[in-house]
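The values are calculated or read from the model by the stated rules, or taken from the named source; none is laboratory data. Computed from a predicted structure; not experimentally measured. Cβ placement follows ideal geometry from the backbone for every residue including glycine, while neighbour counts extend to all protein chains displayed. All accessible areas refer to the heavy atoms of the entire protein, side chains included, with ligands and DNA or RNA removed. Shrake-Rupley method; radii C 1.70, N 1.55, O 1.52, S 1.80 Å.
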Amino acid sequence: MTTKIWGYWRCSTEIQDQERQIRSLKDAGCEVIVGDKITGTSNFNERAELTKLLEEMESGSTLILSELSRLSRSFVGMVNEVSKLLERNIQLVTLDKRLDTRTMPKEITMLLVSILGYAASQELSAIKSRCEEGRRVAQSRGVKFGRKRKYDEFQVAEVMKKKSQGEGLGTIAKSLGMTRSMVQRIVRQEVAV
């Protein structure tokens, strides 16, 4: 039986670049490198490449990650996945040098994974908290979130004028080249103001 050294990278968004992780995995001697562009809090079955990699890995293989949070940002997810890998006799190495199951007893590995999982969960919580705080600060400064309006103040005035004259939403939409739902949204927003 031949064993392989596998590498897995993960980026949370399309904007993030995986090149740094891929280069590090190549330098570490990975024979097969795969990855997903998906958030670390996603379910494992949503990560197509990770799922395929885990199915193909054989006993005695090694999985290399840049850091353990690439596998999961959830405490429970991290502990469960590492346990499954160890049960299959698959070794796990992180390039940040925090984990190398080839040289650690299983008990120490699981203790360390528990601590790293807890730290990853806390980091995710802090990130969410900072993002929410930033959103609130931006809103207090008048920054608008969401999609930009596809209509201007003149169109709003026309919709409201026609509505006050008793025209129906469909008729207004046709006459102004808008969709009925857009006219409905304008009326709803103007009535709420």
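Details
- Once the 1.4 Å probe is applied to the protein heavy atoms, the chain comes out at 62 Å² accessible per residue.
- Using a Förster distance of 35 Å, the FRET efficiency for residue 45-residue 111 (Cβ separation, nearest 0.05): 0.80
- Backbone geometry of segment 48-58 corresponds, through the Karplus equation with coefficients 6.51, -1.76 and 1.60 at θ = phi - 60°, to 3J(HN,Hα) couplings of 4, 5, 5, 4, 5, 4, 5, 5, 7, 5, 10 Hz, x marking Gly and Pro.
- With each label modelled as a point 7 angstrom along the Cα→C-beta vector, the residue 171-residue 58 pair spans 7.6 nm.
- Summed side-chain charge close to residue 168 - residues other than residue 168 whose Cβ falls under 10 Å, Lys, Arg +1, Asp, Glu -1: +3
- Crossing angle, helix 75-87 versus the chain [Cα axis fit, 0-90 degrees, rounded to tens]: 40 degrees
- Only one item in [x] 1, 8, 15, 19, 19, 16, 13, 7, 2, 0; [y] 1, 7, 12, 14, 12, 9, 6, 6, 6, 6, 6, 6, 5, 3, 1, 0, 0; [z] 1, 7, 12, 16, 18, 15, 11, 8, 5, 3, 2, 1, 0, 0, 0 matches P(r) over Cα pairs in 5 Å bins from 0, in percent derived from the coordinates shown, and that item is [y].
- Where 27, 96, 17, 36 fall by accessible area, highest first, once all protein chains stay in place (1.4 Å): 27, 17, 96, 36
- Rounded to 5, the percent of DSSP beta bridges in the chain classed as antiparallel: 5 percent
- Accessible-area ranking of 150, 162, 97, largest first, probe 1.4 Å: 97, 150, 162
- Proximity of backbone amide H atoms, modeled 1.01 Å from N, is registered between residue 95 and 65, 66, 67 at under 5 Å, excluding neighbours fewer than 5 places apart on the same chain.
- Helix 180-192 axis, angle to the chain major axis (alpha carbon atoms, nearest 10°): 80 degrees
- Per-residue HN-Hα couplings for segment 167-172 [Karplus 6.51, -1.76, 1.60; θ = phi - 60°; Hz; x = Gly/Pro]: 6, x, 4, x, 5, 4
- Our note on the geometry: Cα centres of segment 38-90 and segment 97-124, 13 Å apart.
- Across 166, 77, 35, mean-square fluctuation computed from a Gaussian network of the chain (C-alpha pairs under 10 Å connected) peaks at 166.
- Based on C-alpha pairs under 8 angstrom that are at least 6 apart in sequence, the chain has a relative contact order of 15 percent.
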